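These notes are about the structure you will find just below.
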Amino acid sequence: MSPVFPMLTVLSMFYYMCLRRRARTATRGEMNSRRAIESNTRALPINVEIVQYAKEVLDFSSHYGSENSMSYTMWNLAGIPNVYPSSGDFTQTAVFRTYGTWWDHCPSARLPFQRTPPTFCSQDYVELAFEEPVYPTAVQILETYHPGAVVRILACSANPYSQNPPAEVRWEILWSEAPTKVNGPQARQFTPCIKQINFPTNLIRLEVNSSLLDYYTELDAVVLHGVKERPVLSLKTAMIDMNDIDEDEDEEKYGCGMDTLNKQFSIVTLREWPTNGYFDKLPYELIQLILSHLTVPDLCRLAQTCKLLYQHCCDPLQYIHLSLQPYWARINDTSLEYLQSRCTLIQWLNLSWTGNRGAISVSGFSRFLKVCGSELVRLELSCGHFLNETCLEVITEMCPNLQELNLSSCDKIPPQAFNHIAKVGNLKRLILYRTKVEQTALLSILNFCSELQHLSLGSCVMIEDYDLIASMMGAKCKKLRSLDLWRCKNITESGIAELASGCQLLEELDLGWCPTLQSSTGCFTNLARKLPNLQKLFLTANRSVCDTDIEELAANCTHLRQLDILGTRMVSPASLRKLLESCKDLSLLDVSFCSQIDNRVVLELNANFPNVFIKKSFTQ
C-alpha cells in the first residue's frame, strides 16, 4: 500500500480533532444569534435560542442565611434578578457560608486529604433547575458583590421534573477554571465560554471556591441560554491553536467516566513481562512512597500495566486516607464494591457530595462499611442525601474507632436517626450543620460523647431549648475546643453562663445571628472573663455589643485572632484601638455596618495595624 494513505488518515484525524475541539469551545458569537424569551403560551421554533432564569434551587452545600428566611439564602437564585446591576451587600442575594482562608486558620480547621487532584478546588455548590431542557449555548451568572468565586459549571442529563428518571445520570463540565482574584467588589455579568454537550439539560450546577476573596461573594441570578436541537459543529477553523490538541478533556470524559473508572477499579488480565526493569531493584516501601503521590484514577490506570505495579496499587496501605469527593459525579455502588478489597485498612474516608440521585444505595453503602469500617477514624459525608437511619445505624455498629463524623447539610436524615450517634463514645468532632437533629437526640449525644472537642450546630432549627443544650455541654463536654451555634434562635445569658463555666478550654465560639443574646445581661463580659483561650469569636449581627465587651476581650482574651462584630451600633474607635493594641495575634476584624466605624476610621486603623485585615462592607 502506498505510504500516502496512512498519512492522509493521520491528517484527517488531526483535522477532525481540531474541528471537534474548536466547535466545543465555540464562543457565543459562533452560535445562533437569535434570541427568544421562553413562553408557555406558544411553541417556539427548535432553532431559536431560549433564554431562561432558574426556576428552582434544588440543592446546595451551605448558605449564609437562615433556614426560615430568604435573606442571604441560596433560594434567592431562583427567578429574575433582585439586585443586578447594582453593587454592594444586599440581603436579596445568594451568599455561601465562608470566604477567604480564615476558616482554615482557626481551631476547628480540619486537616486536608492528600491526593486531591489539583484540578479539583471546589468548596461549595448550588444546583439549579430550569423549565426547559436545552442544549446550552451560554450560561450567565449575575454577581453583585465580590465576584470571582465560581470555578466550575456542570450540566446534568437528568430532568428533575421528569417522571421517568434516566438509567444513568451523567454530568458534563461546561466550564472549569482555577480560582482567580478579581480586582474590585463591583457587580459583573460572568459569561464564560462553555463546552458543547451532546444531551439537553435543565439542571445546572455551580461550584465555587471563595478562598481568594476579601469578603462573601453574592450571586443574584443565573441565566441559561440554549436551543432545542443539538447545534451543528462550527466549521470556523481559520486559526487552530496547537494547545487545543490535548488529551485532558477527553481523558476526563472517557478515561475517568463512571464506567471506565469502575473498570479501572476492577481486576484486569495483565501481560507477563520477563522483568520489571528498575522497579525490581527498588525497595517495596520506596515504591509505595512514590505511588502515594498519585491520584486515585492514576493509581487505577497504573495498576493495569504489570503485575508488580498492580500489587502495589492495590495494597491497602495506599488507601489509608481516601477522598472520593473530587469524583462525586462518578462514584456509585459499583465503585464502592471494587474498592472494598483495597480499603480494609482505611482510616480517613471522604464521601462528601457523592451518592445523590440514586448513585449510592443504602445497601451499597452498608456493604462497604461492613468490610471497611473497622479502622475508620474520620468519616466525611456532607451533602450525602442518600443517608437515612439505617446508614447511621451501620456507621455506629461498624465503625467502633470513629472519632470524626461530618454530616453537614445532610438534611434528608430523619430526626430520630441521630439517636444512633450517641453510641459512638469516642467522637471528638461532630458536624451537624443544617441537619434535622432534635433536642432529645442531641442531649443523648452530649451525655455519652464526653470526648467531644469540636461541635457544629449551626442552623439546626429543630432544637427547641439551646439553654438546656448549653447546660449539658458545660456539664459533660469539658474538653470542648470549638463550638458553632450560628443562627441558634433561643440561647440566652443563662445558657452562655453554663457554657463558659463548664467549657473553659474553648478556643473558638460562633454566636453569629443569635438575636436573644443581649450585652446588657453581661453575657459577653462573662465569656471574655471565663474563656481566656479564645482565638475566634463571632458575634455577627448582634447590635448590642458595646465598648465594655470589646475592652473585656482586650483585657482577658489576648490570644484572639478573629473577631466578627458586624452590625453593632455601640462600639467606638477608641475601644477597637485598645483591642488591636492588646491582641497582637489578631488577623481578622469585621466591622461591617458598625455605625460608629466609618471608612476614615478603618483607613486609620489599617495604617496603624497593617497585619490585621479590617473589613468594612457597604451597600449602594
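Global size of the stretch 479-619: 14.0, 42 Å for Rg and Dmax (C-alpha atoms, Rg to one decimal, Dmax whole). Diffusion coefficient (Stokes-Einstein, Kirkwood radius over C-alpha pairs, 20 °C, 1.002 mPa s) for the stretch 107-196: 135 µm²/s, rounded to a whole number. Could you work out how far helix 493-502 tilts from the main Cα principal axis of the chain, as a 0 to 90 degree angle to the nearest 10? Result, in degrees: 80. Beta bridges per DSSP, both residues in the chain: antiparallel share near 50 percent. Divide the volume of the convex hull around the Cα atoms of the stretch 399-511 by the residue count and you get 82 Å³ per residue.
Compare the peptides 145-153, 106-114, 319-327 by average per-residue count of other Cβ atoms within 10 angstrom and give them in order, highest first.
Working: 145-153: 23.4, 106-114: 14.6, 319-327: 20.1.
Highest-to-lowest ranking by the protection proxy: 145-153, 319-327, 106-114.
At a probe radius of 1.4 angstrom, the accessible area of the chain per residue rounds to 43 square angstrom. Centre-to-centre, using Cα atoms only, the stretch 171-215 and the stretch 460-529 are separated by 38 Å. Angle, helix 466-476 long axis vs. longest principal axis of the chain, Cα atoms, 0 to 90°, nearest 10? Tilt of helix 466-476: around 90 degrees.
How do the peptides 183-192, 427-436 rank, highest first, by the average count of neighbouring beta carbon atoms within 10 Å per residue? If you can, show how the numbers build up before the last one.
Numbers: 183-192: 15.5, 427-436: 22.6.
So the peptides 183-192, 427-436, ranked by packing, come out 427-436, 183-192.
Across every direction, the projection of the convex hull enclosing the Cα atoms of the stretch 376-422 has a mean area of 2.9 nm². The HN-Hα couplings worked out from phi for the stretch 285-293 by the Karplus form 6.51 cos²θ - 1.76 cosθ + 1.60 (θ = phi - 60°) are 5, 5, 5, 4, 5, 4, 6, 5, 8 Hz, whole numbers, x standing for Gly and Pro. The convex hull drawn around the Cα atoms of the stretch 581-620, when projected onto a plane and averaged over every direction, covers 3.0 nm². Once the Cα atoms are used to define both axes, helix 439-448 deviates from the longest principal axis of the chain by about 80 degrees. Compactness of the stretch 51-158 is given as radius of gyration and Dmax, 15.6, 46 Å, from Cα positions. Computed over the stretch 319-463, the P(r) curve from all C-alpha pair distances, binned at 10 Å from the origin, holds 12, 47, 33, 7, 0 percent per bin. Given the chain, what whole percent of its Cα pairs are spread farther than 36 Å? More than 36 Å apart: 45 percent of the Cα pairs in the chain.
The values are calculated or read from the model by the stated rules, or taken from the named source; none is laboratory data. Predicted model, so just to flag it, every value in this text is computed and none were measured. Because the Cβ atoms are built from the backbone with ideal geometry, glycine has one as well, and the counts that use them run over all protein chains shown. Side chains are part of the model used for accessible areas, which takes the heavy atoms of the whole protein and leaves out ligands, DNA and RNA. Shrake-Rupley method; radii C 1.70, N 1.55, O 1.52, S 1.80 Å.
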